[in-house]
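The values are calculated or read from the model by the stated rules, or taken from the named source; none is laboratory data. The structure presented is a predicted model; accordingly, all values stated were derived computationally and were not measured. Here the Cβ positions follow ideal geometry from the backbone for every residue, glycine too, while neighbour counts run over all protein chains shown. When the accessible area is computed, the model is the full protein with side chains, heavy atoms only, and any ligands, DNA or RNA have been set aside. Shrake-Rupley method; radii C 1.70, N 1.55, O 1.52, S 1.80 Å.
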Protein chains: 2
Amino acid sequence: MPSYSAPVDDTLFLLNDVLDYDQHSSLRGFADATPDLVEAILREGAKFAEGVVQPLNQSGDEEGCTRSEDGSVSTPKGYKEAYTGFSEGGWGGLSADPDFGGQGLPHVLTTAINEYMSSANMAFAMYPGLTAGAIAALTLHGSQEQKAKYLPNMIAGTWTGTMNLTEPHCGTDLGLIRTKATPQADGSYKISGTKIFISAGDHDLSENIIHLVLARIDGAPEGTQGISLFVVPKLTINDDGSVGGANGVTCGSLEHKMGINSNATCVMNYDGSTGWLIGEENKGLRAMFTMMNEARIGVAVQGLSQSEVAYQNAVAYAKDRIQGRALTGPKNPDKAADPILVHPDVRRVLMGIRAFNEAARALILWTALHGDISHRSEDEKTRQASDDMMGLMTPVLKGVLTDTGFANTVNAQQMFGGHGYITEWGMEQFVRDARISMIYEGANGIQALDLVGRKLPANGGRAVMSFFGEVGTFLQENGENSDLAAFTGPLKSGLEDLQKATMWFMNNAMAQPDNAGAGSTDYMHLFGLVGMGYMWAKIAKAVQDKIAAGAGDKEDWLKTKLTFGAFFMERMMPETSAHLARISTGADTMMSLPAEAF
Amino acid sequence: MPSYSAPVDDTLFLLNDVLDYDQHSSLRGFADATPDLVEAILREGAKFAEGVVQPLNQSGDEEGCTRSEDGSVSTPKGYKEAYTGFSEGGWGGLSADPDFGGQGLPHVLTTAINEYMSSANMAFAMYPGLTAGAIAALTLHGSQEQKAKYLPNMIAGTWTGTMNLTEPHCGTDLGLIRTKATPQADGSYKISGTKIFISAGDHDLSENIIHLVLARIDGAPEGTQGISLFVVPKLTINDDGSVGGANGVTCGSLEHKMGINSNATCVMNYDGSTGWLIGEENKGLRAMFTMMNEARIGVAVQGLSQSEVAYQNAVAYAKDRIQGRALTGPKNPDKAADPILVHPDVRRVLMGIRAFNEAARALILWTALHGDISHRSEDEKTRQASDDMMGLMTPVLKGVLTDTGFANTVNAQQMFGGHGYITEWGMEQFVRDARISMIYEGANGIQALDLVGRKLPANGGRAVMSFFGEVGTFLQENGENSDLAAFTGPLKSGLEDLQKATMWFMNNAMAQPDNAGAGSTDYMHLFGLVGMGYMWAKIAKAVQDKIAAGAGDKEDWLKTKLTFGAFFMERMMPETSAHLARISTGADTMMSLPAEAF
């Protein structure tokens, strides 16, 4: 049976020593989150994830969710108790608005906690995860009355939330939405239509479910200009705030799917359900994108989370499983064989996963911190700069961390040989669960298009120039530091590849946009490598500084990071030149074929 | 529901125009297999795969196998009828020894048919697939009496076969085997022990199951020097050849696993079962390796097979699914959206899969032809040269075609967005099924070690020098052909990278074998790219020659191949330099950490 231990020390090291979290105490909510409190919160969250949430992961996968004939959905054994514990622990409201019962703590903390919960049980963590997205949308776009009506119970976890975008004929292209909203005399709307792939669409964990639904108001313009966002509770809400009767919202069926079996993926039917407009008519996509950006970072966390828990279990197996002998002679001569961790190819796989995990965690927390700054700084320019960086990194994180995170679960599974393919060992579940993260909240190909088509050119390339500037400054400031050369050298050539690729797009994609599309996925991964390479360089510098200041019994632990970082530079950064080579070949070959030739 | 159409025209083109199959008519069995007969066999096999085997793939996955309390195992609905049809069609004996009822046709044909059957239904195709491995081992290592006793029924498909290697504590390291064989007065042995992960270990498809079992004779030397191979029928066989009673062989349980659900993966208990020695005492591994080499090529075929069927279904979806607009403006202005095939990133994915599939198919058939030559040529030197090439390519094919084949099923699934994650669309089954091919018959890390540790240095590097020589000669002969430059240029630099990597091993791995282990997987993939690049160059030349000779209405079909080949050269060959860069970093970083640091 798989196990999990949350990497609290790594998170703390990143926050305190790499990202200089304590320099942001002037931001709203940061002063309250003292280093001691942060550590206490992370350790408490880790305990809950390890002790309550993780033990349900395998049994929940096996049992799955069940839909009764009346359309109600039950979660697996133990989920309701665990969810109640989660809510009572206040985990759902950690960063939410204090005016509605939240604790207002930095979102970067919530991001760290999300990783732990998701590593422990990704399908379980989605229930509060979707609620958090709905809370974000209501907080930013809801009226004061709507906030007062929904947020307190959602933040407390008594009610949960969902996002309803997809319809059978319409996924990426939301302009095709057909769900109808008919205005009523009292200012509400009657919502009718079918939504599919609705995660946590129905379940027995909460008293009510608050659905955020994209629909088209009668007579609205065609396409994306005619989409509005509505809040549609599963059960009506009485004037005194108590829960009333059914609102015509039912789960028509549960999808049979590859993984995340304990999260109910529902076909949702809205049959004249009463809903209320959020924000302005026909401006629903803008509000939905608030939710989606939040959700995309959340999905990136899922990619990391499965990579991390898969790594931990693969390491335990590689230390325990004895089979064959080291290439350099027996390391374990008293036993029948050596543990497979003696083999360089096994270490190559494991180090590749961890070298990714540590950099990915750094990049997520770095981005989440920019998210906090973008919402909480008093200085407009600072807010804007951080908002730029978060916007730029969102598709990179979502695409790269889920593509590579998934690949890592496969690699970790491989360490188990045949046992990795057998359900009881739990490794194949990580693969099946991680797989969805590449698909939902915008398939990774869409993330790549968002990066090259929108985030790169936005505001004359302001965001990407700022990123290049920051990495360039780091390289300049540390160029003379020969102890960092193993990090700054590969980072410099990776950055050059990224800059050349960016220049190639500028020269070749304006006139011929297919050249951008043809290189988009390679560019996204090239960007991810440079982003993670930058994080490793920052980590290496922080390790150096700490050791120079006297790290005591932490010194070995810190030095180990330098080795994983060196591995990243040696083994992963060379890929940047292959990405650049591919990008530079453009779209001609792939666009030259007629459809019939495929 | 997924569909499948066997690529018979591609197979014929490869055999006739690229591999010059007709030049081998002097080989035993080849003269009988005239071009007309070959085409007839392939079309008939395709029909059976498409019409009988494929329709059971999804239902078989859903239903799975069932074990009754008495230990007997049932296959899903329809499997018995399909298997009977397979056997009656003579598909199991296509290349088997005519002395025992086989048709003695070239193995390269069987390889092509195997691809079709496996694309149609990988789990089903494993039942006859394992039988074929057992037939090969008995043919080469069994006594005349054993052959007469077992082969006719196995070749006819009335009896099936299995391979029993793995035990709970022992997978890769067969020296740890504990299953016991106790000699009896009549020359037989009593076999006792437990084997795990036995594919097709029990089922209801055949009258009897002939198990080939690795065990240790009482008092045999420790380790791999004390392993012998036994034939152990499920039911005893009477002197008249009829089937008798139980032989103490039972399926203790069925494994719950990630995929290939309709193939019974059994824990097999041998409880004093009567078995007979195959070949010599303590020489069991040699005989088993005969079976394994055969099986490894078979597993490589599985990697291709899932990549091919996943490609076909992804293309159909990409042509059908309308969503969004082309980057260059609407292509389908009368409809609400364009088919997603207009997007370069979608084409990138699909072309990557197909550019792999066509080259992989060529490389498999090229290797299988070498296999035929190695067994059937009258000239010893020719036999040896082909045996060298087959030995060299076996780990490359197994490792690369399953790693990349699996990745391709994931990429094809991605084209479906959320629908790809839903069981009913069938794409996630291809992913789950393909996953096992990277693990069994020697996990791919073991293939990489076999390549760098055994196949490369064998006979002073004779095999690899011969491969370099052949590719070098091709490049020299076609260096002046400017129409081929888009192929020969990238192939040349890929070959140079491979030669540099080989040289790096020669200089750095003799004294420090961990340097070979640390680069083994990269080297295997580098080798695979050069092998596939060579195949594309050969295909391009064959296309040129055919068009020059007048290809008529086949011309467009042939030219399309040039585009997929160009894509391979532009987008896949750049990876060779990244592999070389990684290999050249050696083992120091990864071996420097103590086990506790992981």
Quiz item: Considering only the protein assembly as shown, what is the antiparallel percent among its DSSP beta bridges, to the nearest 5?
Solution: 80 percent
Quiz item: Placing +1 at every Lys and Arg Cβ and -1 at every Asp and Glu Cβ, with all other atoms neutral, what dipole size does the protein assembly as shown have around its Cα centre, in debye to the nearest 20?
Solution: 860 debye
Quiz item: At a probe size of 1.4 Å, how large is the accessible area of residue B:52, to the nearest 10 Å²?
Solution: 60 Å²
Quiz prompt | Label 7 Å beyond Cα on the Cβ vector: residue A:384 copy-to-copy distances, nm | solution = 7.7
Quiz prompt | Separation between Cα centres of the stretch B:195-232 and the stretch A:443-497, rounded to whole Å | solution = 57 Å
Quiz item: Rounded, prolate or oblate: which fits the stretch A:224-302 when a ≥ b ≥ c are the square roots of the eigenvalues of the alpha-carbon gyration tensor, with rounded for a/c under 1.5 and prolate only if a/b beats b/c?
Solution: oblate
Quiz item: Under the Karplus relation 6.51 cos²θ - 1.76 cosθ + 1.60, θ = phi - 60°, what is the ordered set of whole-Hz ³J(HN,Hα) values for the stretch A:151-165, x standing for Gly and Pro?
Solution: 4, x, 6, 6, 5, 6, x, 5, 10, 10, x, 9, 10, 10, 10
Quiz prompt | Derived scalar couplings ³J(HN,Hα) [the stretch A:400-407; Karplus, 6.51 cos²θ - 1.76 cosθ + 1.60; whole Hz; x for Gly, Pro] | solution = 6, 5, 8, 4, 6, x, 4, 4
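Per DSSP H run of at least 4 residues, take -39500 (n - 2.57); add these up for chain B, divide by its residues and hand me the 222 nm value, nearest 500 deg cm²/dmol. It would help to have the intermediate numbers written out before the result.
Working: 18 runs with 311 residues, N = 598.
Rounded to the nearest 500, it is -17500 deg cm²/dmol.
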Exercise. Express in whole angstrom the spacing between the alpha-carbon centres of the stretch B:95-169 and the stretch B:366-434.
Key: 19 Å
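As a quick test, which of the pairs B:180/B:234; A:319/A:546; A:398/A:559; A:381/A:546; A:147/A:190 have an alpha carbon distance above 24 angstrom in this structure? Mind dumping the intermediate values first?
Values: B:180/B:234 17 Å; A:319/A:546 30 Å; A:398/A:559 29 Å; A:381/A:546 32 Å; A:147/A:190 21 Å.
The answer is A:319/A:546; A:398/A:559; A:381/A:546.
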Quiz prompt | Pairwise label distance in nanometres, residue B:459 with residue B:588, each label 7 Å out on the Cα-Cβ vector | solution = 3.7 nm
Quiz prompt | Accessible-area value, residue B:423, 1.4 Å probe, nucleic acids and ligands omitted, Å² | solution = 40 Å²
Quiz prompt | Buried area at the B-A interface (accessible, heavy atoms, 1.4 Å probe, summed, Å²) | solution = 7600 Å²
Exercise. Rounded, prolate or oblate: pick one for the stretch A:426-562, where a ≥ b ≥ c are the square roots of the eigenvalues of its C-alpha gyration tensor, a/c under 1.5 means rounded, and failing that, prolate if a/b is larger than b/c, else oblate.
Key: oblate
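Could you calculate the FRET efficiency of residue B:485 with residue A:512 from 1/(1 + (r/R0)^6), where r is the beta carbon distance between them and R0 is 22 Å, rounded to 0.05? Don't jump to the answer; show the numbers that get you there.
Working: r = 24 Å, r/R0 = 1.09.
The formula returns an efficiency of 0.35 here.
From the Cα gyration tensor of the stretch B:177-220, with a ≥ b ≥ c the square roots of its eigenvalues, which class applies: rounded if a/c is under 1.5, or else prolate if a/b is larger than b/c, or else oblate? If you can, show how the numbers build up before the last one.
Values: a/c = 3.87, a/b = 1.63, b/c = 2.37.
In terms of gyration-tensor shape, oblate.
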Exercise. Would you kindly derive the ³J(HN,Hα) couplings of the stretch B:480-486 from the backbone phi angles with the Karplus curve 6.51 cos²θ - 1.76 cosθ + 1.60 (θ = phi - 60°), listing them in order in whole Hz, with x for Gly and Pro?
Key: 8, 7, 5, 5, 9, 4, 5
Quiz prompt | Projected label distance in nm at residue B:477 and residue A:1, using a 7 Å step from Cα toward the beta-carbon | solution = 6.4 nm
Quiz item: At residue A:77, label 7 Å along Cα→Cβ: distances to the other copies, nm, ascending?
Solution: 3.0
Exercise. Compute the acute angle (0 to 90°) between the alpha-carbon long axis of helix A:344-376 and the principal axis of greatest extent of the alpha-carbon atoms of chain A; round to the nearest 10°.
Key: 50 degrees
Quiz item: Per residue of B:160-169, what is the mean number of Cβ atoms on other protein chains within 10 angstrom of that residue's Cβ?
Solution: 1
Quiz prompt | Cα→Cβ-extended label distance, 7 Å offset, between residue B:280 and residue B:547, nm | solution = 5.7 nm
Self-check item: Positive-end residue of B:133, B:341, B:225, charge dipole of chain B with Cβ unit charges
Solution: B:341
Quiz prompt | Computed E for residue B:185/residue B:84 - FRET, C-beta separation, R0 30 angstrom, nearest 0.05 | solution = 0.15
Practice problem: Calculate, for residue A:39 and residue B:23, the FRET efficiency according to 1/(1 + (r/R0)^6) with r their C-beta to C-beta distance and R0 45 Å; round to the nearest 0.05. | Solution: 0.05
Quiz prompt | Full-stretch length increase - residue A:554, residue A:9 - with 0.36 nm per residue and alpha-carbon distance subtracted | solution = 195.1 nm
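Can you give the relative contact order of the stretch A:444-589 as a percent, counting alpha carbon pairs under 8 Å and 6+ residues apart? Mind dumping the intermediate values first?
On the way: 127 pairs, mean separation 50.9, N = 146.
With pairs under 8 Å counted, the relative contact order is 35 percent.
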Exercise. Quick one: dipole size for chain B, taken about the Cα centre, charges +1 on Lys/Arg Cβ and -1 on Asp/Glu Cβ, in debye to the nearest 20.
Key: 960 debye
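Can you give the extra length, in nm with one decimal, that the chain gains between residue A:239 and residue A:158 once fully stretched, where that is 0.36 nm per residue apart less the Cα-Cα distance?
27.4 nm
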Quiz item: When ligands, DNA and RNA are left out and all protein chains stay put, how many square angstrom of accessible area per residue does the stretch A:444-589 have with a 1.4 Å probe?
Solution: 38 Å²
Quiz item: For the rotation that brings chain B onto chain A, whose beta-carbon in chain B is nearest the axis, and what is that distance in whole angstrom?
Solution: B:578, 2
Quiz item: Per the 1.4 Å probe, what fraction of the accessible area of chain A, in percent, lies on carbon and sulfur atoms?
Solution: 51 percent
Quiz item: Going by alpha carbons, how many degrees (0 to 90, nearest 10) lie between the helix axis of B:458-477 and the longest principal axis of chain B?
Solution: 30 degrees
Quiz item: Using a 1.4 Å probe, how large is the accessible area of residue A:206, given in Å² and rounded to the nearest 10?
Solution: 20 Å²
Quiz prompt | Between the stretch A:2-70 and the stretch B:1-65, the alpha-carbon center distance in angstrom | solution = 54 Å
Practice problem: Report, in degrees rounded to the nearest 10, the 0 to 90 angle that the Cα long axis of helix A:514-548 makes with the longest principal axis of chain A. | Solution: 60 degrees
